[in-house]
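Engineer: Before I ask anything, here is the structure I am working with.
The values are calculated or read from the model by the stated rules, or taken from the named source; none is laboratory data. Note that the structure is predicted; figures quoted are calculated from it, not measured. Note that we place each Cβ from the backbone using ideal geometry, even for glycine, and neighbour counts take in every protein chain shown. To get the accessible areas, we keep the full protein, side chains included, count just its heavy atoms, and leave off ligands, DNA and RNA. Shrake-Rupley method; radii C 1.70, N 1.55, O 1.52, S 1.80 Å.
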Amino acid sequence: MKAGIIGSGSWATALAKILTDNGNQISWWIRNEDTIRYMQLRHHNRHYLTSVYFDTNLVKLSSHLEEVVAASDVLVLAVPSAFLEDVMLQLSPEALQGKKVVNAVKGLVPGSNLLINDYLSDIFDLPLEQYYAITGPCHAEEVANEKLSYLTFSGLQEAAAQSIADMFTNSYLQTIVNRDVIGVQLAAVLKNIYALGAGIAHGLEYGDNFLSVYITNCFREMQQFLDVYGKDHTEAGTHNYNASAYLGDLLVTCYSLHSRNRTFGNMIGKGYSVKAAQLELNMIAEGYYASKSLFEKNMEVGAYMPVAQAVYTILWQHLNPREAFLALEKGFI
Ligand SMILES: NC(=O)C1=CN([C@@H]2O[C@H](COP(=O)(O)OP(=O)(O)OC[C@H]3O[C@@H](n4cnc5c(N)ncnc54)[C@H](O)[C@@H]3O)[C@@H](O)[C@H]2O)C=CC1
Ligand SMILES: O=C(CO)COP(=O)(O)O
């Protein structure tokens, strides 16, 4: 199978490293021509994971999206959710026919608040059977350093999910395959919101004892949301909440200093405005967009989500973080 990658941030670069380390030839869509020229000359991405060097014989770089999509059987999406629509709308509605689309984006489409599979189904008529999700606790920075990591590949077609996973499996990357393609995506969206909240707590100088209680309550809230959501969306299936795509990713994103969401939240807890935190981070904290999308989505779902709601209200309605956390403290078990 010929693989294509869409995006050039940290995660796209990490996934390109894994695929090329395994000897796969890839087509790689990079938006910026200067970044392409730099990579052709210096063999690494000048902005993200700069220590990762590529065998340029294995990498075909292009800023023409249609070209990359046409050359690929398996297309990996790794553009932050906020830009995904702009990127995908460059394609014709037939462009994804017959392709396997692998979503590595941990977010909903802002505005419509759709899961990526629902968005691709609406715009490109992509059946869920051709759609896969990559999730799991895995920071791009640790992939760059080849620290042992685990990724989960989910899809209704388990044999195809397995063959995609096999393209990524190597000595530093273990893969897990399941059919829970909706649940793992929602868990990934939620954990970004909770990690941002963990950062806020840290910025407010709560300690490790509180953080463990906070995460426990977030984990329960995540399950409650998925349980209620699943009642109206039977395709959501059953979820193994103790698997690494659920609990593991929640833990790593809340605790790791690599986490963009935690770092962003930490600044908010310390009193930065959203604008100032965005400028300082200079990377994407998906939890910021997800908190709004999820808040709106939950108006229909109706799950009890005090933590996600508090994060939304702090970021989007200017609620004082200290007051929000004082209110949360009382409800934790
Ligand atoms: N970084 C990580 O460790 C992981 C990230 N992810 C997910 O991967 C997705 C991508 O995130 P990262 O690579 O971390 O982001 P990043 O912050 O490292 O990179 C941002 C990317 O957005 C691009 N960009 C900026 N403005 C744009 C525009 N107007 N149109 C199109 N592209 C634009 C930049 O060129 C860059 O490629 C997110 O959904 C994230 O949750 C998932 C697992 C791990
Ligand atoms: O999804 C991730 C780790 O599994 C990355 O999280 P951050 O975007 O918070 O860095």
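Engineer: Inside region 228-256, can you point out the residues that are under 21 Å from ASN145 (Cα atoms), open to solvent by 30 Å² or more (accessible area, probe 1.4 Å) and polar (S, T, N, Q)?
Structural biologist: Correct list: SER244 only.
Engineer: So, GLU141, is that one of a type in the set (D, E, K, R) and within 15 Å of ligand 1 (Cβ to nearest atom) or not?
Structural biologist: Criteria met by GLU141.
Engineer: Among the residues of region 190-200, is there at least one that is away from ligand 2 (no atom under 16 Å from the Cβ) and out of contact with any His (no Cβ under 8 Å at 6 or more places or on another chain)?
Structural biologist: Checked against the condition, which is being away from ligand 2 (no atom under 16 Å from the Cβ) and out of contact with any His (no Cβ under 8 Å at 6 or more places or on another chain), region 190-200 yields no hits at all.
Engineer: Scan region 1-60 residue by residue and report those that are among the β-branched types (Val, Ile, Thr) and either touching a strand residue (DSSP E or B) at 6+ places or on another chain (Cβ under 7 Å) or within 16 Å of ligand 2 (Cβ to nearest atom) (or both).
Structural biologist: Residues satisfying the conditions are ILE5, ILE6, THR13, ILE18, THR20, ILE26, ILE30, ILE36, THR50, VAL52, VAL59.
Engineer: Which one is nearest to ligand 1 (Cβ to nearest atom), of the residues in region 257-303 that are hydrophobic (A, V, I, L, M, F, W, C), part of a loop (DSSP other than H, G, I, E, B) and open to solvent by 60 Å² or more (accessible area, probe 1.4 Å)?
Structural biologist: MET283
Engineer: Residues that are at pLDDT below 95 and either within 15 Å of ligand 2 (Cβ to nearest atom) or touching a Gly at 6+ places or on another chain (Cβ under 7 Å) (or both): does region 221-238 have at least one?
Structural biologist: Yes, region 221-238 has at least one match.
Engineer: Kindly list, by first and then second residue, each pair from a residue in region 187-216 that is not assigned by TED's automatic domain parsing to the domain that holds ALA285 to a residue that is open to solvent by 40 Å² or more (accessible area, probe 1.4 Å), limited to pairs with Cβ atoms under 6 Å and residues at least 6 apart or on different chains.
Structural biologist: none
Engineer: Which of the residues that make up region 72-94 are surrounded by fewer than 18 Cβ atoms within 10 Å (Cβ to Cβ) and away from ligand 1 (no atom under 14 Å from the Cβ)?
Structural biologist: ASP73, SER92, PRO93, GLU94
Engineer: If you go through region 117-169, how many residues are surrounded by fewer than 20 Cβ atoms within 10 Å (Cβ to Cβ), within 16 Å of ligand 2 (Cβ to nearest atom) and farther than 20 Å from GLY107 by Cβ?
Structural biologist: Looking only at that region, the number is 6.
Engineer: Right, next: Can you pull out the helices (runs of 4 or more DSSP H) entirely within region 1-100 that have at least 2 residues that are without any contact (Cβ under 8 Å) to a residue 40 or more places away in the chain?
Structural biologist: Passing ranges, in order: 33-42, 65-70, 81-88.
Engineer: Could you list, in sequence order, all residues of region 309-333 that are part of a helix (DSSP H, G or I) and open to solvent by 30 Å² or more (accessible area, probe 1.4 Å)?
Structural biologist: GLN309, THR313, TRP316, GLN317, ARG322, GLU323, LEU326, ALA327, GLU329, LYS330, GLY331
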